[in-house]
């Protein structure tokens, strides 16, 4: 399987094109690295570069970019509207294909250690790679910016880096490295130069102040254009889509007597985010990504069936059915359980999507849109678990095949088996958790969905319940061989709670 990772380093330079050219050139020297995008902003005095490729190549390219930035950028001479604490301010890794977020966490930690070893630039870890809960959010780490941290870090152990000495590099500061989902950097410009209005709007819409989930925002002064900007980071566009952010900023701006004059995407944006927004504003009935010309071409040229179309469904599922039928250990019951959960979530997605198009359900459009996004995310996560479950069991089998001729080999084998068993129990438990959430959410959907689709909701709940039960069977069988009694006890307790959730909320057949 191809392994593809994206990296989006942010550099504290947006005015001197020659410096950014040199940084990008250093990264492009690494074979197998693809430059997808570069954006520079003079007001922010910041550049965002997007690269992708195999993990090892992308990691080395990011390291070379950090080194070149340290040579060329002096934060003691730097100013700009965007907060910053390092010449290379942040280096996030994003899984694209063949990797999990956990793989990107390991990659981030490896790159962080190497940044310190090569350049003596201290490193903090954020988002999924954070080693301390309060450092999950970048804004907490960057508080005080370069100047404040330069003075505080040597004196305050709470601000000490995760890797490196308790001091900042004198000119390159510190770098924050992490792993996260796809982030959309989205800026909305207002027809006013009053920065206080943009700051108030940013405060009202960001999640940390009770605003939209998965949204970070602040006000920025675009002096060169005599505009105020609401600068936004969207950390999960499927849970909180682009159009919802735009509409909330629009409403907030109207409260202050100003209007939106334009918006911009910094870097790249997933096609799915545009599709969701187009669907919302055009009020398309029965819209599917399969109707997008490029999607259909990509599916055809890639040798796969198009996402939807008459007579294609059997061809879509048959390869997986054949793989299950093979006389091999994987894919097995755990993967089938994950598939059942994904099917239940997909039915919920269908019901919510169709219901919100109907005039009879107009009063529930916002709730249905929220449910649609949740079911979409759950379906994707459960589908990914199909492969993760097989991979976790293959690790167990590989551990059992390790040599055991000597006592040292036997100890190593036993430890590897226990580690693999923990993973093999953990994946189906995650499936059971997610499927139980789908089960509950489908029950909440029934009162607001179109009555003509009640049967679809009930089939979805039956599939979700089957996923929970099937996944818990896989948890139980792995726990039989796990020697960590405390770990096993925790998982048995949670398994019992999950089983009770679907037992106490039976699926009603008929009305």
| query | Looking at 393, 375, which is the one that is surrounded by 21 or more Cβ atoms within 10 Å (Cβ to Cβ) and either over 26 Å from the mean Cα position of the chain (by Cα) or over 30 Å from residue 450 (Cβ atoms) (or both)? | reply | 393
| message | If residue 102 satisfies all but one of (1) part of a helix (DSSP H, G or I); (2) modelled with pLDDT under 95; (3) touching a helix residue (DSSP H, G or I) at 6+ places or on another chain (Cβ under 6 Å), what's the number of the condition it fails? | response | (3)
| said: Whether any residue in segment 479-491 is in a helix (DSSP H, G or I), surrounded by fewer than 16 Cβ atoms within 10 Å (Cβ to Cβ) and touching a residue at least 60 places away in the same chain (Cβ under 8 Å) is what I want to check. | reply: no
| Cβ-Cβ below 6 Å, separation at least six or inter-chain, first residue in segment 435-463 and free of Cβ contacts under 8 Å to residues at least 60 places away in the same chain, second part of a helix (DSSP H, G or I): which pairs? | 446/457
| Condition test on residue 402, is it assigned by TED's automatic domain parsing to the domain that holds residue 467, modelled with pLDDT of 95 or more and either over 19 Å from residue 476 (Cβ atoms) or assigned to a helix (DSSP H, G or I) (or both)? | no
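Quick grid of which residues meet (1) crowded, with 17+ Cβ neighbours inside 10 Å; (2) touching a strand residue (DSSP E or B) at 6+ places or on another chain (Cβ under 7 Å); (3) modelled with pLDDT of 90 or more; (4) more than 20 Å from residue 128 (Cα to Cα):
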| residue | (1), (2), (3), (4) |
| --- | --- |
| 153 | yes, no, yes, yes |
| 173 | yes, yes, yes, yes |
| 178 | yes, yes, yes, no |
| 236 | yes, no, no, no |
| said: Regarding segment 361-369, can at least one residue be identified that is under 19 Å from the mean Cα position of the chain (by Cα), surrounded by fewer than 18 Cβ atoms within 10 Å (Cβ to Cβ) and in the same structural domain as residue 449 (by TED's automatic domain parsing)? | reply: no
| said: Kindly evaluate residue 467 against the criterion of being modelled with pLDDT of 95 or more and closer than 21 Å to residue 392 by Cα. | reply: yes
| Within segment 340-366, can you find the residues that are touching a residue at least 12 places away in the same chain (Cβ under 8 Å) and farther than 30 Å from residue 469 by Cβ? | 356, 357, 358, 360, 361, 364
| task | Sort out which residues of segment 318-360 are closer than 19 Å to residue 455 by Cβ and either outside the structural domain of residue 392 (by TED's automatic domain parsing) or out of contact with any helix residue (DSSP H, G or I) (no Cβ under 8 Å at 6 or more places or on another chain) (or both), and write them in order of number. | result | 357, 358, 360
| query | Can you pull out the residues in segment 351-360 that are over 17 Å from residue 239 (Cβ atoms) and surrounded by 19 or more Cβ atoms within 10 Å (Cβ to Cβ)? | reply | 351, 354, 355
| query | Among the residues of segment 120-144, which ones are part of a loop (DSSP other than H, G, I, E, B) and under 20 Å from residue 214 (Cβ atoms)? | reply | 128, 129, 130, 136, 137
| remark: Residue count, segment 328-339, condition free of Cβ contacts under 8 Å to residues at least 24 places away in the same chain and part of a helix (DSSP H, G or I), comes to 0
| task | List the strands (runs of 3 or more DSSP E) that sit entirely inside segment 1-81 and contain at least 2 residues that are in the same structural domain as residue 107 (by TED's automatic domain parsing) and within 25 Å of residue 145 (Cα to Cα). | result | 33-41, 46-53
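The values are calculated or read from the model by the stated rules, or taken from the named source; none is laboratory data. This one's a predicted model, so the numbers in the text were calculated from it and none came from an experiment. All Cβ positions, glycine included, derive from the backbone under ideal geometry; neighbour counts span all protein chains shown.
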